[in-house]
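First up is the structure itself, then whatever we jot down about it.
Read-outs throughout are calculated quantities, based only on the coordinates presented, and are distinct from any laboratory measurement. These numbers were taken from a predicted model, which means no experiment stands behind them. Cβ coordinates were reconstructed from backbone atoms using ideal geometry, including for glycine residues, and neighbour counts include every protein chain displayed.
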Amino acid sequence: MRIGLIGQGALLGLCCLAASNSYASLPDTRTPINDVPEGTVGLGAALRRGTSPYVGVDNISGLLNDNKTDLIPLYLYEGKWLFAHGTSAGAHLLKQEWLSVDLLAKYRFNRLESDAAPYFNGVRDRDQTVDVGLSATVFTDWGSLSTTWVNDVLGAHNGHEWDFTYSYDWTPGRWSVSPFISYVYQHSDLTDYYYGVDASEALPERPFYQPDSAVFWRAGINTSYRATPHLLLFSNIASQHVDSEIFNSPLVDESQLTSATFGFAYLFGNALDDSTKRPDSGRFGEWSWRLNAGYQAEGPFTRTLTGTLKRSEDVHAYMTGLTLGKLISDGEYIDYWGRVSLNRRLENGNQSDFGEYNAYVMAMTTGRSPWTSEEWLRFGIGFGFSYASEVPYVEQVKQAKREQNTSHFLNYLEGQFDVPLRLMFENKAVRNCYVGISLLHRSGIFAKSDILSNVSGGSDMVSGHIECKR
């Protein structure tokens, strides 16, 4: 089994998967994660640098900061049928040793902001979007050949793209080296959206231009190093030719684009080394449910985590939620849980109530009695991503004060502290249940990540919970 192509990025240019105030299609790259068991979960991060095709634009990151690199959070999962590869996700339609066929959705990082340079005054923004399509890969002894077709589903460019990639994997020891070459076709609707100049944008120095479809080559090399059974380090370097239909645009002044990505991925559960697994503890298949209810906190997360549970001064809001968890790995000192939570944000009349959806990995440790080894308490820290169907009102208020962006999609942090109910009750029905406090935080990683809309803030919730394991 392979965790396969991760998107049009020098990954998200990712982990194996970013974009900027403008960036042409980035080279296909692979995660350095091969032959992992079903159910493998991973987290990581990557930094990407690259050249922009647009006139006078040198910085690949968003305009709200002056970063020369883009930080990309990586969320990885490989299941029997479903997968998440950083900034792409989908379903396996067919998985065999020699052939895989996937239905996938992936983030397109192309973008042009009208404020990127004075030259673009009067030009409408070109937005990032999500493409959906099919990917097929044939694996042989002499390498792998893949083809991917995707089409815009959010109505940004309304075009499609075909990609054909050949790569060869070489694995000396802990290293993996994979050179690749790709041939890419982009439909005229796609090229016109990102590189065309319509009549309302035309000026004498920026004339009307309507490009046709484009074809071009890209090549690169992906490398990874297995530092430990859990930790993978990787780099991806690629270069691509700019087709004349794109290069002739008045918006473009680069004929060759390069990109480089460096990052890491951490896999949970000894996924790459069976010899390190602990003897069966009998906990395989253990799962949990948790009910939460709480209020909007002042934050920040670090202060809340250390016991400052002050109510928000900006917005009085509330939440309720249900969290489902499954044990990924039980360790001698730390357990890892995969979790999904569905929360209802109660906005107290500031705006309509809405749903929030979080997926994350939680590391959980247990405090025990030094005399009897009886479990006294639990403490956990979780990390993943959060999607809110509406931007929480408190985030709108705080970001408006800073004149900063908001985003539906942000990173997610959670802290949890609880004690076993069996310390208070002898009823067998609650012997595997806990009561305590959980701290929920949406985070934009300090405006360092373009995929998180370069958001500098977030929001915090303090909630009480009851959780039971089965």
_Cα-projected label distance for F139 with R344, points at 7 Å along beta-carbon direction, nm_ = 4.5 nm
_So the label point goes 7 Å from the Cα of T51 along Cα→C-beta, right? Which residues of the stretch 103-144 then have their backbone N under 20 Å from it?_
109-113, 117
*Length released on extending from S244 to E390, taking residue separation times 0.36 nm less the Cα-Cα span*: 48.4 nm
*For the stretch 166-204 and the stretch 436-470, what is the separation of their C-alpha centers, rounded to whole Å?*
34 Å
*After finding the eigenvalues of the alpha carbon gyration tensor for the chain, what semi-axes result from the square roots of 5 times each, listed largest first in whole Å?*
41, 29, 17
*Cut-off under 5 Å, modelled amide H: who pairs with S213 long-range*: S188
*Lys and Arg at +1, Asp and Glu at -1: add these up for the other residues within a Cβ distance under 14 Å of H160 and post the number.*
-4
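Counting pairs of alpha carbon atoms under 8 Å apart in space and at least six apart in sequence, what relative contact order in percent does the stretch 279-469 give?
Relative CO of the stretch 279-469 lands at 21 percent.
Between R470 and W170, what FRET efficiency comes out of the Förster formula 1/(1 + (r/R0)^6) with R0 = 41 Å and r the beta carbon distance, rounded to 0.05? Don't skip to the end; give the middle numbers.
Values: r = 46 Å, r/R0 = 1.11.
For W170 and R470, the calculated efficiency is 0.35.
Run lengths n ≥ 4 of DSSP H only: what is the helix-derived mean residue ellipticity at 222 nm for the chain, with -39500 (n - 2.57) per run over all residues, to the nearest 500? Intermediate values should be presented prior to the final figure.
Numbers: 4 runs with 27 residues, N = 470.
After summing the helix terms and dividing by residue count, I get -1500 deg cm²/dmol.
Pairs K310/K398; K326/K428; K428/K469; K326/K469: which exceed 19 Å Cα-Cα?
Working: K310/K398 16 Å; K326/K428 22 Å; K428/K469 13 Å; K326/K469 9 Å.
Over 19 Å Cα-Cα: K326/K428.
Give me the extension gain from R368 to D125: residue separation times 0.36 nm, minus the current Cα-Cα distance, reported in nm with one decimal. Walk me through the numbers before you get to the answer.
Details: separation 243, 0.36 × 243 = 87.48 nm, distance 5.68 nm.
Difference between extended and current length: 81.8 nm.
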*Excluding residues fewer than 8 places away in the same chain, name every one of the lysines whose C-alpha is closer than 22 Å to that of K68.*
K448
*What residues from the stretch 441-458 fall in the zone where the backbone N is under 14 Å from a label point 7 Å along the Cα-to-C-beta line of T302?*
445-446
*Based only on the alpha carbon positions, what is the Kirkwood hydrodynamic radius of the stretch 279-469, in angstrom?*
17.4 Å
*What are the lysines whose alpha-carbon lies under 19 Å from the alpha-carbon of K95, with same-chain residues fewer than 8 places away excluded?*
K80
